[in-house]
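**Student:** Can you keep this structure in mind? I'll have questions shortly.
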Amino acid sequence: MWCQRLAWLLRVPCRQRGSSRCRWLWPPCDTRTMVAALTRGHHTAPGSLPCAWQLHGDHLELRYGNTLMRLDFVWLRDHCRSASCYNAKTNQRSLDTASVDLAIRPQAVRVDETTLFLTWPDGHVTRYGLEWLVKNSYEGQKKQVMHPRILWNAEIYRNAQVPSVDCRSFLETDEGLKEFLQNFLLYGIAFVENVTPTKEDTEILAERISIIRETIYGRMWYFTSDFSRGDTAYTKLALDRHTDTTYFQEPCGIQVFHCLKHEGTGGRTLLVDGFHAAEQVLHRAPEQFELLSKVPLKHEYVENVGGCHNHMIGVGPVLNVYPWNNELYLIRYNNYDRAVINTVPYDVVRRWYHAHRTLTTELRRPENELWVKLKPGKALFVDNWRVLHGREAFTGYRQLCGCYLTRDDVLNTARLLGLQA
């Protein structure tokens with residue numbers, strides 16, 4: 001269809017002002033002549049990728065390579081990267097967006113092999129690299145992945161033989177830190193070996209990549225089965241797979257676990273890639289995936305133990321996705337902390353239960369369960385927005401320490417080391 005329309009456009013003459021002669025739009029008319037033909041203009045750049053454009057009432061339609069972009073005129077003016085509109089030193093916009101006429105329309109459009117040129121009514125010229133437009137347009141973003149990752153079940157992870165990083169290399173070298181962060185970004189979990197089994201040394205480890213997040217549990221916490229907090233985690237009971245702090249408006253991004261001592265049996269840690277399970281739901285029951293990504297739920301934490309009095313509520317869907325490409329970025333799954341479902345109407349709630357059951361079935365498949373025995377000296381970092389954790393029941397005395405990390409700071413550290421995060 002596009003090729004047929006383009007072939008037709010190539011035969012539409014463009015009349016010069018004051019002349020009865022016709023010129024075809026390839027080669028292009030001069031700037032003033034093109035103004036008269038803007039609504040049906042086109043241009044095919046002679047570069048390595050084919051390019052064609054057409055103006056509409058409020059936007060420019062531009063095909064470059066295999067990407068067809070629809071670029072609003074206000075958007076094109078607002079994102080101008082000229083020196084008067086954008087500070088390249090600070091990477092910040094200088095143009096006052098509120099000053100742009102919402103009915104603005106370019107007076108002239110020109111495309112060469114690599115660049116789109118737009119001349120505005122006040123004479124200002126905006127230039128865009130065609131590759132930049134593909135990368136930054138809505139259509140381009142739909143094809144891109146924000147966070148590259150490897151989805152896994154137990155077999156995939158074990159076969160990948162992802163190495164742990166030695167504590168000294170992690171703390172003292174950029175290479176060790178980068179290897180650790182690459183593992184973490186790809187798989188959502190990563191291990192550091194040969195850590196001195198103390199809370200103080202675990203704290204030093206955590207601060208290597210992030211600011212430690214203060215929560216109602218404190219900064220660094222000890223974790224035993226003394227029921228010192230009003231939470232099932234502070235017992236010897238088994239814990240089903242879940243993500244933490246679903247009752248926060250923004251759940252904690254990364255959790256650190258370090259087993260300092262265990263004199264007894266059991267207590268293995270369970271890890272499940274929630275994104276892998278959700279991906280299976282997307283393929284097998286896309287309408288259920290969509291429901292889980294749109295229906296908001298409340299999660300709450302009610303505590304009245306000793307001097308701890310808390311009632312926290314967080315609201316959000318089980319699956320959180322970027323709306324432009326359906327890429328999952330956060331799973332909020334905790335059956336212990338889910339509050340009364342009173343945000344879902346009658347005609348939706350049963351369908352939600354069916355969707356939740358489908359996701360739970362995937363999360364509980366034995367082949368998706370990675371069991372790890374945490375021992376003194378081996379610290380585990382878990383992406384709490386992606387990987388669910390749990391544990392089997394245990395006997396004896398078991399002590400863990402750990403903390404939550406601020407997600408933005410971990411990702412910032414990764415980017416400074418040249419990783420996509």
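**Student:** What part of the accessible area of the chain, given as a whole %, is carbon or sulfur when the probe is 1.4 angstrom?
**Tutor:** With neighbouring chains kept in place, the figure for the chain is 51 percent.
**Student:** Counting heavy atoms of the protein chains only and a 1.4 Å probe, report the per residue accessible area for the chain as a whole number of Å².
**Tutor:** 50
**Student:** Would you look at the GNM of the chain, springs on alpha carbons closer than 10 Å, and say which of Gly377, Gly264, Gly253 moves the most?
**Tutor:** Highest fluctuation among the options: Gly264.
**Student:** How large is the dipole of the range 154-417 about the Cα centre if only Lys and Arg carry +1 and Asp and Glu carry -1, each at its Cβ, rounded to the nearest 20 debye?
**Tutor:** Magnitude of the dipole: close to 640 debye.
**Student:** Who wins for biggest fluctuation among Tyr333, Tyr301, Tyr128 in a Gaussian network model of the chain, springs between alpha carbons below 10 Å?
**Tutor:** Tyr128
**Student:** In Å and from the alpha-carbon atoms only, list the Rg and Dmax of the range 374-421.
**Tutor:** Rg then Dmax for the range 374-421, in Å: 14.7, 45.
**Student:** Across the range 118-133, in residue order, what do the Karplus-derived ³J(HN,Hα) couplings come to in whole Hz, using 6.51 cos²θ - 1.76 cosθ + 1.60 with θ = phi - 60° and x for Gly and Pro?
**Tutor:** Residue by residue, the range 118-133 yields 10, 9, 9, x, 8, x, 5, 10, 10, 10, 10, x, 5, 5, 5, 5 Hz.
The values are calculated or read from the model by the stated rules, or taken from the named source; none is laboratory data. Note that the structure is a prediction, hence the values are computed from the model and not measured. Please note: Cβ atoms are built from the backbone with ideal geometry, for glycine as well, and neighbour counts cover all protein chains shown. The accessibility values were calculated without ligands, DNA or RNA, using every heavy atom of the protein model including side chains. Shrake-Rupley method; radii C 1.70, N 1.55, O 1.52, S 1.80 Å.
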